[in-house]
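*Asks:* What follows is a single structure, and I will ask about it in a moment.
What follows is calculated from the coordinates using simple rules that are stated; it is not laboratory data. Given the structure is predicted, the values throughout are model-derived calculations rather than measurements. Heads up, the Cβs are rebuilt from the backbone with ideal geometry, glycines too, and the neighbour counts pull from every protein chain shown.
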Amino acid sequence: MRSVYDDTLRWRPEVDPGSVHHSASPRGTAMPEYVACESRLLLSDMASMVAKETMRRAPGKDNLPPDQVIVCATSFEDDLALSCAGRLHSELGSTGVPFAFGQLQGASFFLALQMVSDMMANDERMHSALIVGAERWLPPFSRQVGALTALGDGAAAALVTRQVGPGWRVLNVNVRTPGRPMPSPDVCVDEPVLVEVIGQTCTQSALKPTEISWVVPPRINTTLACDVSADARLPVWRMWYPEPRDIGYLCAADALTQLHVLLQSIAPTDGQRILLWATGLQAQAACAILQYCGS
C-alpha cells in the first residue's frame, strides 16, 4: 500500500483540485465548458446514495436486497483503505461476494453487465444484481485528458433482475480490450475497433443499425461521438446527446448516467431499442443493446 499510494498522499495538498486547462486541438472545441466537481461527498458516499435510491425505486413488493453488488470506478476513494464495494455490500445486505472493476473507464459498466448476464445464465439462484458507477477525481490526478475531454464527478446505479414484465431487456453486450500492452501511456481511443464492436453487437442481436430507436454515445467528446456513430452507420438523427458540454465525462458512471437521463425523457413502446457504446482511454471498446418489453 505504501509503495503504491505514498506519492498520492504526499502530492494531494499541493495540487489545486478544480483546475482544468483546455488545450487547442482539432477536438478542443468539443471540450466541456463546465466540469462537475464534488467537494464534500466521498466516492463511496455518492455510490451509497444512488444505490439506496435505486433499490427504493425497484419494482416488487418485497424490496429484497440484491444478490450481487458490482462497483465500477476508475478514480481512488478518498480513504485509500476503504472498499466502496464492501461498503455497499454491508449497507444493502447483499448475499454475494462484492467486487469492483477499475481501469476500464467508460467500458466498466458494460463488462459488469456482461458478467451479470453470464452469472444469471449459469446460476438460477441469482435473481438480481446492482451495478454502481462512481467517480471523484482528487489531486494529484488531473481532470484533463489530453485534448479529448475533462473528467467530472458523479455516480449512478442500475438494478438488473430476472423479472418478467415491463422493462428493458438486455439483448447483447460486447466488450473488447487491447490484446497487447499499449506502446505508450498516452490516451488512445481506437475508433475502428469501436465501429467493429458496434457492428458485431448489432449482428449478434439480429438487428440493422437503422432498427435502433436511440443511440447513446459516451459524453466523452462530441466530435468523437458523431464520427463513430456515422462510421458505424447508426442513424445520426437518433443519437441522443443532450448538452454535451455541461458536466464533463463521468467515466465509469457515464453510461449509466446517460441512460438514466434518457429514460426520464422518453415514453418507450414495446420493441423499441437503445444502443449504448463506450470507450476506455487505453483503446477499450464496448457496446450494449437494450430492448423495451411492455408486457
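*Asks:* Quick one: which of 108-114, 72-78, 289-295 comes out on top by average Cβ neighbours within 10 Å, and what's the full order, highest first? Numbers along the way, then the final one.
*Replies:* Details: 108-114: 26.1, 72-78: 21.4, 289-295: 16.6.
So the peptides 108-114, 72-78, 289-295, ranked by packing, come out 108-114, 72-78, 289-295.
*Asks:* Quote the charge dipole size of the range 167-293 about the Cα centre in Debye, to the nearest 20; the model charges only the Cβ of Lys and Arg (+1) and of Asp and Glu (-1).
*Replies:* 280
*Asks:* Is the range 239-295 best put as rounded, prolate or oblate by its Cα gyration tensor, with a ≥ b ≥ c the root eigenvalues, rounded for a/c under 1.5, and otherwise prolate when a/b is larger than b/c, oblate when not? Mind dumping the intermediate values first?
*Replies:* Values: a/c = 2.81, a/b = 1.52, b/c = 1.86.
Oblate is the answer for the range 239-295, as a/c is 1.5 or above yet b/c matches or exceeds a/b.
*Asks:* I would also like to ask the following. With a ≥ b ≥ c taken as the square roots of the eigenvalues of the C-alpha gyration tensor of the range 190-295, please select rounded if a/c is under 1.5 and otherwise prolate if a/b is larger than b/c or oblate if it is not?
*Replies:* Judged from the Cα gyration tensor, the range 190-295 comes out oblate (a/c at least 1.5, b/c at or above a/b).
*Asks:* Within a 10 angstrom radius of the beta carbon, how do K208, K52 rank from fewest other beta carbons to most?
*Replies:* Ascending number of Cβ neighbours within 10 Å: K208, K52.
*Asks:* Do you know the relative contact order of the range 167-293, to the nearest whole percent, from alpha carbon pairs under 8 angstrom that are 6+ apart?
*Replies:* 44
*Asks:* Order these peptides, 272-281, 220-229, by their mean beta-carbon neighbour count within 10 angstrom, highest first. Don't jump to the answer; show the numbers that get you there.
*Replies:* On the way: 272-281: 25.6, 220-229: 20.5.
Final packing ranking: 272-281, 220-229.
*Asks:* May I pose another question? Assign unit charges at the C-beta atoms only (+1 for Lys and Arg, -1 for Asp and Glu), then state the dipole size of the range 199-272 relative to its Cα centre in Debye, rounded to the nearest 20.
*Replies:* For the range 199-272, the charge dipole is close to 80 debye.
*Asks:* Expressed in nm to one decimal, what extension gain is obtained for the pair S39 and D118 from 0.36 nm per residue of sequence separation less their Cα-Cα distance?
*Replies:* Here the answer is 24.7 nm.
*Asks:* Also, quick follow-up: What is the extension gain from S142 to D79, computed as 0.36 nm multiplied by their sequence separation minus the C-alpha to C-alpha distance, in nm to one decimal?
*Replies:* Gain on stretching S142 to D79: 20.8 nm.
*Asks:* Can you work out the Karplus-derived ³J(HN,Hα) for every residue in the range 84-92? Use 6.51 cos²θ - 1.76 cosθ + 1.60 with θ = phi - 60°, whole Hz, and x for glycine or proline.
*Replies:* Rounded to whole hertz, the list is 4, 4, x, 5, 5, 4, 5, 5, 8.
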